[in-house]
């Protein structure tokens, strides 16, 4: 048990000191470190909702909109998925070398956005009545380009 706690604390320190974790660091991490990182991101989503309530106390319309958005995306992307599910999805995402420079916090959203099928409903033009017109691929390519530029 002591060993598990030490590994957990060590993984939190390693990730906390890193300004951004991308696929290279992700692939070098253990399952425990990856799960810890994902758990931190998910906790951050909930904490953001709480801070929103306190920061905008009294502005019920604003708080309602933000909390509604947090619940909507949480339900769409994360409900029914375990941390292990998300970790395996991200592992698969980073198995493509083109994705290695994308930061993990962006990768989670890209992966869950894709898994939810939400991209199929995205319409970029009026004549796109069926939904997806390559939006997901353009989004992914844009993320790759930004991540590659950040590495230079």
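Listed values, structure above:
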{"quantity": "Simple label model, 7 Å out from Cα along Cβ direction - residue 142 to residue 42, nm", "calculated": "2.8 nm"}
{"quantity": "Where labels lie 7 Å past Cα in the beta-carbon direction, separation of residue 114 and residue 31 in nm", "calculated": "2.2 nm"}
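Bear in mind these aren't lab numbers, they're just calculated from the coordinates by the rules spelled out. Computed from a predicted structure; not experimentally measured. Here the Cβ is made from the backbone with ideal geometry for all residues, glycine too, and neighbour counts use every protein chain on show.
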